Amino acid sequence: MTNPIYQIRSQIKTICEKEGFSLVGFTEAKIPQSDLEHLDQWILENRFGNMDWFAKDHAVGIRNRFENLGLVPRSAICLGFIYRSNEGEKIVSQMQSKVSRYALGSDYHIILKKKGNRILKILKEQFPNHKFRQSVDSLPVAEKILTKESGIAWQGKNTNLIHPKLGSYFFLSTILTDLELGGPDPTEIITDHCGSCRKCLDVCPTGALEEYKIDARKCISYLTIEDRTDTEATDTFLQWDRKGWVYGCDLCQEVCPWNANVAKRNEVETTEPDFLPRPFWTNPNFIEKTSLTKEEFDSYFKDSPIERIGFEIWNRNLKQRES
């Protein structure tokens with residue numbers, strides 16, 4: 001007789017896949033002790049930089065113990081949505097001022113929230129006696145850890161989650177629930193396939209990466225997105241070799257053999273049109289601009305991930321270090 005939990009999981013997986021999620025996994029709503037200790041050490045060493053929210057007591061309470069969420073979660077539904085596109089690969093390879101692939105289209109928070117709301121509506125109808133809450137970077141929930149624990153991907157040496165057939169260019173979303181869904185099937189868990197490879201570690205120009213560890217203060221993504229202490233390109237900001245990246249950085253993903261395999265096959269493509277590159281990325285009138293007015297910035301980047309940094313930081317990031 002089929003385990004009723006597995007029937008429910010199959011039912012939920014179908015619902016999520018209909019919204020375009022390529023990866024669907026299940027795990028207990030609990031952070032392993034080893035990961036808790038790693039997070040504590042990361043905070044102790046101030047590796048979060050200016051992201052002070054990461055170390056606040058209420059954030060730690062939610063991330064570590066799932067407090068004050070409006071429910072006491074027993075399970076996590078872990079979701080992955082592909083944003084890679086062949087068009088995006090071509091555009092990024094030709095950019096002089098480079099932008100992370102995930103930012104070429106519309107803001108994933110908006111898109112995945114809409115998809116999540118539709119999923120939650122169905123789940124609440126089918127399981128009226130249970131609660132569900134989605135996170136798309138909207139809660140200080142350790143989505144990456146939970147997804148790793150669900151077994152649908154492994155966490156690579158660059159700290160990104162990797163799937164052997166899909167690579168690492170996928171967004172995460174988590175649905176916490178008080179519904180008992182059990183842990184991952186031991187026979188389906190994707191184990192670490194990094195082996196002795198260290199390409200991601202060696203390619204990082206700022207030395208932000210150690211094996212399975214990242215110092216956000218040195219990460220180009222952090223420097224171009226989260227570090228907004230200086231709105232001008234000061235000597236402190238310009239000291240970092242950003243290799244042309246002006247919003248985010250994909251270097252450690254680009255050199256990953258698993259992404260290289262995906263690129264060779266040309267089979268992994270986002271199913272969401274809003275994640276495809278916006279037309280202006282190939283428009284010479286945009287490409288040749290060395291700065292944007294607020295009006296231009298708002299026009300180009302409305303409902304884009306880049307919108308959140310504002311035009312001043314965008315203009316700062318465009319200024320490359322003079323050789």
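The values are calculated or read from the model by the stated rules, or taken from the named source; none is laboratory data. All figures in this text were calculated on a predicted structure; none of them were measured in a lab. Here the Cβ positions follow ideal geometry from the backbone for every residue, glycine too, while neighbour counts run over all protein chains shown. Ligands, DNA and RNA are stripped out before the accessible areas are found, and what is left, the full protein with its side chains, is counted by its heavy atoms. Shrake-Rupley method; radii C 1.70, N 1.55, O 1.52, S 1.80 Å.
From helices alone, the chain scores -10000 deg cm²/dmol at 222 nm; the rule is -39500 (n - 2.57) for each run of n ≥ 4 DSSP H residues, then divide by the residue total.
The simple Förster model, with R0 at 25 Å and r as the Cβ-Cβ distance, assigns Asn261 and Gln96 a FRET efficiency of 0.40.
FRET efficiency for the pair Thr290 and Glu87, taken as 1/(1 + (r/R0)^6) with r the Cβ-Cβ distance and R0 = 35 Å, rounds to 0.90. Listed by chain and number, the lysines placed with their C-alpha closer than 23 angstrom to that of Lys124 are Lys13, Lys18, Lys30, Lys113, Lys114, Lys115; residues fewer than eight positions away on the same chain are left out.
Couplings for the stretch 136-148, taken from phi via the Karplus curve 6.51 cos²θ - 1.76 cosθ + 1.60 with θ = phi - 60°, read 10, 6, 8, 10, x, 9, 6, 4, 5, 5, 4, 5, 4 Hz in order; Gly and Pro are left as x. Taken over the chain, the ratio of Cα radius of gyration to 2.2 N^0.38 Å equals 1.01. Residues in the chain average 50 Å² of solvent-accessible surface per residue, probe 1.4 Å, ligands and nucleic acids excluded. By the rule of a C-alpha distance below 13 Å, with chain neighbours fewer than 8 residues away ignored, the aspartates and glutamates paired with Lys264 are Glu89, Glu254. Does a label point 7 Å from the Cα of Ile43, set along Cα-to-beta-carbon, have any residues of the stretch 126-163 with amide nitrogen under 15 Å, and which are they? The answer is 140-143, whose backbone nitrogens lie closer than 15 Å to the label point.
If you take all other residues with their beta carbon under 15 Å from the beta carbon of Ile313, and give Lys and Arg +1 and Asp and Glu -1, the sum is -2. Computed over Cα pairs, the Kirkwood radius of the stretch 69-208 leads via Stokes-Einstein (0.692 mPa s, 37 °C) to a diffusion coefficient of 193 µm² per second. Accessible surface of the chain, 1.4 Å probe: 49 percent of it comes from carbon and sulfur atoms.
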